[in-house]
Structures are given as C-alpha cells and as structure tokens.
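Trainee: One structure, as structure tokens, below. Some questions next.
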Number of protein chains: 4
Amino acid sequence: MAGSSEEAPDYGRGVVIMDSWPGYDLDLFTYPQHYYGDLDYVLIPHGIIVDRIERLAKDILKDIGYCDIVILCVLKGGYKFCADLVEHLKNISRNSDRFVSMKVDFIRLKSYRNDQSMGEMQIIGGHDLSTLAGKNVLIVEHICVINEHGKEKYRV
Amino acid sequence: MAGSSEEAPDYGRGVVIMDSWPGYDLDLFTYPQHYYGDLDYVLIPHGIIVDRIERLAKDILKDIGYCDIVILCVLKGGYKFCADLVEHLKNISRNSDRFVSMKVDFIRLKSYRNDQSMGEMQIIGGHDLSTLAGKNVLIVEHICVINEHGKEKYRV
Amino acid sequence: MAGSSEEAPDYGRGVVIMDSWPGYDLDLFTYPQHYYGDLDYVLIPHGIIVDRIERLAKDILKDIGYCDIVILCVLKGGYKFCADLVEHLKNISRNSDRFVSMKVDFIRLKSYRNDQSMGEMQIIGGHDLSTLAGKNVLIVEHICVINEHGKEKYRV
Amino acid sequence: MAGSSEEAPDYGRGVVIMDSWPGYDLDLFTYPQHYYGDLDYVLIPHGIIVDRIERLAKDILKDIGYCDIVILCVLKGGYKFCADLVEHLKNISRNSDRFVSMKVDFIRLKSYRNDQSMGEMQIIGGHDLSTLAGKNVLIVEHICVINEHGKEKYRV
C-alpha cells in the first residue's frame, strides 16, 4: 500500500492555520498559570499535536518498512516531541507482529558563541556521528521530523 | 479567584466551528480503517476533545466546591465521554488536598417505542432517581455536561 | 499464529498474587483522599491493570481474527474497564491495516428484588439480545472478559 | 504540611522487590518483539513506573513548595523518565491554583575516555552550571530523582 505514487500523502503540508482563523478561546482549555494574562487565544491545542504525532509515527514506520531506526533528538526543544514520538513508535511496534529496533541519541546545535555568529552550525554532544552512516536516522527537532535517509520530511 | 463576575467564563459557548473552516486534512491524523472513503476532513480532532474534557473537569470541580458528585451517564452515547470526564475528575482530586467523592450511575433515555413517539421521554435503568434529591448530579450525555444542581451547562 | 496448541497462553491464569506478598507501600502511589486511613497497602497498582488491558486487547484481536465485535458491558462495575479495553482495541486497529468494527452495548444484571433473591439472574437494559446471535460478543464485567463466541476467557 | 517530621514519607525506600518474588508472567503484558526469547518474567511492569512517577511529582511539588524548578536531565538514560516526570509536574500545576515554573536542561556524564577511567566524572553539554546556584535543581537520572536543593532523594 505504501509507495504507490498516486496515494503518497503530502507530508510536507502539515497543520495549516488560515489567516482568518481567530484561534480557540482560552476558556476552552487548561494551560499553565504563568501564561495567564499573556495569552489571547490557542492556535494549536496540545491534543492536536498528540494526534498528529500518532499519525507521524505510523507514516514513519510505513516509510522505513519497519527497519531499525536511530532517532537523533536535537536538544533542547525537541526532547518532549521526541519522547512522544518514540512512545507512539513503540506502541505501534509493540502491538504489531513486526520487529522494529529504536535507539535514541541526543545532540545540541550551536551557531553562536558569546553572541558572535560562528558562521557554521556546531554539533555538540552525541557520540561520533560517523557511526550513523548507512542507517535510518530520524532527526527530531522542535516539532519537525526529518528522515535523513530518504530525504523525506514529516511536519506536525 | 473564581466567582468574580467579570471573569466568569462563558461555559455555554464551547468549541465554535466557523462556516468557512474547511476542516483538517485526513492525512494529518489516524482514524479507523472502516471510515476510509467515507470521510472528507476532520472538524474536531480527538485530542481537542481530550483537552476540552480536562478543562471541563477543572471547571466542574471549581463550581461545585469539591463536594460529592453523583454522575449520571446517559447511555449509550455518553459512556466514553463519561469515562474520560471521571478520569480527569479523579486525576485532579487525587493530586489535590481536597476531598471529592464520585459515584457513577447509568440511565438510558427512550422516546420511541416501535417507531411510535411516546410523547414523553422514558428513563430506563439506573436506581430509583428519587435518591438523587438534594445531591450534586452531573448528567453526562454525548459530549454535553449539564450540572443539574446549579442549572449551569458545560459543553465541549 | 493463534490457535496452535503448544504456544497457547494460559489466559485464565491472570495476575496471581502470592499469599506471602505484603503489597506495595501506600507512599509509593497516589490514591483518592477519601481512602486515607482505610488502606494498608496496594496489591495491584492501577498501572498494572492498564498494562494488562493492553495485552488483553491484543489477545482478543488475535483470537477473533480482526472480525467485528459486539462488546456487551455489564454495568455498573464494568464500564471503566470496558472503556479502557475499547480504547486499546481501537488503538491497535487504528494503527494496523486490518478492519475491525466495534459496537458497544450495555446491560445490567439483577438477581435480587427488595432484598429477595429471585432465583434467576435478570438482564436489564440493552436492546433485544437475540440480535446478538451468531456474532462475536465480548461480555465485559468488572475486570473479567469473557468471549462468548469461543467460550474462551480472559482475565486481568 | 510538608516538612513536619512525623509525616515525612520514607522516600528512599521506593519499590522493593522481594527475593522470593518470581515476577509477573510474560503473557500478562505486551513487550517489544525484539525481547521475545530473551525475557523470562517481568519484575516491574511499565504501569507501576507510570504510577510511581505520578506520586513522585506530587511529593516533589509538595517539598519545594511550588517554587520554580530547574530540571537537569542526565542523558541518555534519563530522558524518558524526565519527560514523564515533567508531564506529571505540569499536569498537577496546570490543575492547581499555584504557580510553578519549570525549565529543563540536559547534561551527559562521562567517566571513561577510550576505555580509560579518567578518575573524575566529566559533565558534558548543558549551559554553564554556575547559573544554577541558589536554585531548586532536580537532577533526573535513570529512574532516580535527586533534589539537590534539599539533599533529599526520591526513588522510583
């Protein structure tokens, strides 16, 4: 089912918010106390991200054919998204008959030092990245997942 | 904090969907296989209902002042919503220092018999409803919660 | 895979608590305030039931071969267990390529009237049970699932 | 309420497994396919850890009096536990009237270089740790939480 060109979903589109969309009323949801007074409305409720991640996990597993994955989480922003995505990947593979092995590693990107741009992006932490050669690597950053292996992109 | 008149949330408003809102793309979320082909878009993703129920639970407990509640679930439609709402009510009370006791009972409403309208709504099942007199009763129906005691209405 | 006699799991065994097991310390978990003082220890933490239900859902779907199911929830005790089980059944089928349709109905069992045993068990509510003939029916009661169709029993 | 000596729970005890405890049967739960054949029993089901983390979150917030917290997650092992703990901390504070602000940072500990022990533990990544002085810092490592501020320890 996966791979036939006519049904390939447009993964790059993601959740689109119309300019005319006024957002959800704040009184519809709970949110942290320290945001009171600073927020006017909710554009993307947390639950939509949860639902979206579940679908992303399904698409990712379909794409890579239930092979092994190395998940490279970009700190700090990506850790919660990464944890949720891994949770869904595990849920799916735990309840299927197929074998998926996942390893998670962490890197940090740095492009500034003492307020001076260093021109290039510096990768901090993580083990020797050369060990990732030839593997399915999912780079998880903020709420954006890039499958380096297939050059496909998933977006929440 | 609650109770000042100028900040009383408009519980009756609920999630409003604009006529111009085209809905979320089906490829953004997972959904049951037997809906394939029959759906065009998603108006309210599941996660929004989850988030909304969490807030409803918070509002309900604030309103009734952490007293005891009898939750009257209207079958069949309301049982999942009821189970989720009770879960959130329990989560909040388990992590607070206040005491809330909840009992759940179930009724079924019937207004037709053999395709003939009976004029009145018939209540089936549940124990003698007269035992509910004077108590805080939450009637949970579909995705609509009515607080009989205070005559206030909550809507998802 | 299911059905071969040598690997048939002993579904009837369930979670076994040894007589010598002192239970988990109360300070390990949260629990409702109104239980304070009345509890000495926790024998089966909530999370074990959650995990167990996930496995039950997987076993049930494997057993009935992803056919359609009618789930008959026995009120009042079974509704939360039923809601959780249906949630897991849906999770699995939503993330698989197979088609499973589930309908949920509710009954109540009554064997006493005005403190007098009526000899027989009376079934209250639910639609005409004769419509269930020939279907896969899961009777969900308390924390015990019985598959009427195959006469197999699942226990938490 | 927190801090009075007579009610201080023995946080250091955690979940104790008796030597005579044979563990839970593998057929009771789901687990990743790649563990099949390598496991004999389950000592601590996942759900117990979930329940335990919920209580830890409650204890932590009670202890630090709903002040601001910096959570220092020790990679790689601690990230999932950290994500779950932060989730519970946020759940509690979102549904309470008190204000808690949480920041999460990540470090990695290294005591070996090329298979040679370096004598001391080296801290990699994270921002300048001197910025943590005077703050409530939760160091989250594997499944063990240490409150540096109060020198108290929480264990799952």
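Trainee: For the range C:63-70, state whether one or more residues are at pLDDT below 70, assigned to a loop (DSSP other than H, G, I, E, B) and within 12 Å of chain B (Cβ to nearest Cβ).
Mentor: Yes, the range C:63-70 has at least one match.
Trainee: Need at least 3 residues that are modelled with pLDDT under 85 and either among the small types (Gly, Ala, Ser) or open to solvent by less than 40 Å² (accessible area, probe 1.4 Å) (or both) per element, so show me which strands (runs of 3 or more DSSP E) inside the range C:71-156 make the cut, counting only ones lying wholly within it.
Mentor: Correct list: C:144-147.
Trainee: Continuing with the same structure: Could you grab the pairs with beta carbons closer than 7 Å, sequence gap of 6+ or different chains, first residue in the range B:40-59 and within 20 Å of B:Ser96 (Cβ to Cβ), second one among the hydroxyl-bearing types (Ser, Thr, Tyr)?
Mentor: Short answer, once both residue conditions are applied: B:Glu54/A:Thr30; B:Arg55/A:Thr30; B:Leu56/B:Tyr154; B:Lys58/A:Thr30; B:Asp59/B:Tyr11; B:Asp59/B:Tyr154.
Trainee: Are there any pairs, at least 6 apart or on different chains, whose C-beta atoms fall under 9 Å, with the first in the range A:14-28 and on the phi > 0 side of the Ramachandran plot and within 8 Å of chain B (Cβ to nearest Cβ) and the second open to solvent by less than 30 Å² (accessible area, probe 1.4 Å) and in a helix (DSSP H, G or I), and if so, which?
Mentor: Listed by first residue and then by second, the contacts come to A:Gly14/A:Arg52; A:Gly14/B:Leu28.
Trainee: Those residues that are assigned to a loop (DSSP other than H, G, I, E, B), at pLDDT below 75 and open to solvent by 80 Å² or more (accessible area, probe 1.4 Å), I need them from the range B:1-57; list them, please. Spell out the reasoning first.
Mentor: Applying the first criterion (assigned to a loop (DSSP other than H, G, I, E, B)) to the range B:1-57 yields B:1-4, B:8-23, B:25, B:29-32, B:36-41, B:43-45.
Checking which are at pLDDT below 75 leaves us with B:1-4, B:8-13.
B:Met1, B:Asp10, B:Arg13 - these are the residues of the range B:1-57 that are assigned to a loop (DSSP other than H, G, I, E, B), at pLDDT below 75 and open to solvent by 80 Å² or more (accessible area, probe 1.4 Å).
The values are calculated or read from the model by the stated rules, or taken from the named source; none is laboratory data. Note that the structure is a prediction, hence the values are computed from the model and not measured. Because the Cβ atoms are built from the backbone with ideal geometry, glycine has one as well, and the counts that use them run over all protein chains shown. The protein model used for the area step is the full one, side chains on, heavy atoms only, and it has no ligands, DNA or RNA in it. Shrake-Rupley method; radii C 1.70, N 1.55, O 1.52, S 1.80 Å.
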